[in-house]
Amino acid sequence: VGVGWCKEEFVATGQDFHTRGRRLDEMLPVLRSLWAGETVTLDGLPALSISPVPAGRVPVHVGGDSEAALRRAARLGDGWIGNRIYTEEQLDPVLDTLRRHLDANGRSVEPFDIIAPLAVLPDAGTYRRFAAKGVTGTLAAPWWLATPEEKSRYGEDTLELKIATMERFAEEVIAKL
């Protein structure tokens, strides 16, 4: 989950863009209560419940890399998902901030997923280095890492570019893992 960034979407639905973080902070505990089978009452609404309830705990991964998003992930989430692509150097300070918030919430020893999209064409060594930093998963969108030559040949954001970069990713990365 994340708060969103596109102000126009909030305006179109009549929602206050500036209170989106506070609303998400309020919603997550309500969702957890509903998923646990509890009846929830909120100001101005009839009692809420769902049935059937999920068979197990629903994991919540909080996205974003602002201070507020990292604090929210550490306080309310089961994990964090980065919202941009990261080099190792860019990821380190984000993880330091996240760990500081996990410590402040007494959660430094609990399992906590960290999913970081990579800004490098990975190999097994890259994955090992990210895992050593606590990263438990990554996202792969090979077109994020298109070369200037590929962009020139196929265009900036075309289906052809995506196919070409996925094929290169399969040959250069997946085949070697």
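The values are calculated or read from the model by the stated rules, or taken from the named source; none is laboratory data. Quantities reported herein were computed from a predicted structural model and do not represent experimental measurements. Note: ideal-geometry Cβ built from the backbone for every residue, glycine included; neighbour counts use all protein chains shown.
When the residues of segment 5-16 are narrowed to those that are more than 20 Å from Arg84 (Cβ to Cβ) and either touching an Asp or Glu at 6+ places or on another chain (Cβ under 7 Å) or among the hydrophobic types (A, V, I, L, M, F, W, C) (or both), which ends up surrounded by the most Cβ atoms within 10 Å (Cβ to Cβ)?
By that ranking, first place goes to Phe10.
Restricting attention to segment 33-48, and to residues there that are surrounded by 13 or more Cβ atoms within 10 Å (Cβ to Cβ) and in contact with a helix residue (DSSP H, G or I) (Cβ under 8 Å, 6 or more places away or on another chain), which single residue is nearest to Ala74 (Cα to Cα)?
Only one residue tops the list, namely Val40.
Name the one entry in Gly137, Gly82, Gly125 that is surrounded by fewer than 17 Cβ atoms within 10 Å (Cβ to Cβ), in contact with a strand residue (DSSP E or B) (Cβ under 8 Å, 6 or more places away or on another chain) and closer than 25 Å to Ala170 by Cα.
Sole residue among the options that is surrounded by fewer than 17 Cβ atoms within 10 Å (Cβ to Cβ), in contact with a strand residue (DSSP E or B) (Cβ under 8 Å, 6 or more places away or on another chain) and closer than 25 Å to Ala170 by Cα: Gly137.
How many residues, within segment 97-121, are within 14 Å of Val173 (Cβ to Cβ) and out of contact with any Ser or Thr (no Cβ under 7 Å at 6 or more places or on another chain)?
Residues flagged as within 14 Å of Val173 (Cβ to Cβ) and out of contact with any Ser or Thr (no Cβ under 7 Å at 6 or more places or on another chain) within segment 97-121 amount to 1.
Could you list, in sequence order, all residues of segment 93-122 that are exposed (fewer than 13 other Cβ atoms within 10 Å of the Cβ), part of a helix (DSSP H, G or I) and over 17 Å from the mean Cα position of the chain (by Cα)?
Once the filter is applied, which keeps residues that are exposed (fewer than 13 other Cβ atoms within 10 Å of the Cβ), part of a helix (DSSP H, G or I) and over 17 Å from the mean Cα position of the chain (by Cα), segment 93-122 yields Asp103, Ala104.
If you check Val62, Val30, which single one turns out to be surrounded by 17 or more Cβ atoms within 10 Å (Cβ to Cβ) and outside any loop (DSSP other than H, G, I, E, B)?
Exactly one residue qualifies, and that residue is Val62.
Kindly indicate whether Gly2 is surrounded by fewer than 15 Cβ atoms within 10 Å (Cβ to Cβ) and either at pLDDT 95 or above or not in a helix (DSSP H, G or I) (or both).
Criteria not met by Gly2.
Condition check ((1) modelled with pLDDT of 90 or more; (2) among the acidic types (Asp, Glu)) across all residues:
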{"site": "Pro117", "(1), (2)": "yes, no"}
{"site": "Pro122", "(1), (2)": "no, no"}
{"site": "Lys151", "(1), (2)": "yes, no"}
{"site": "Glu167", "(1), (2)": "yes, yes"}
{"site": "Val173", "(1), (2)": "no, no"}
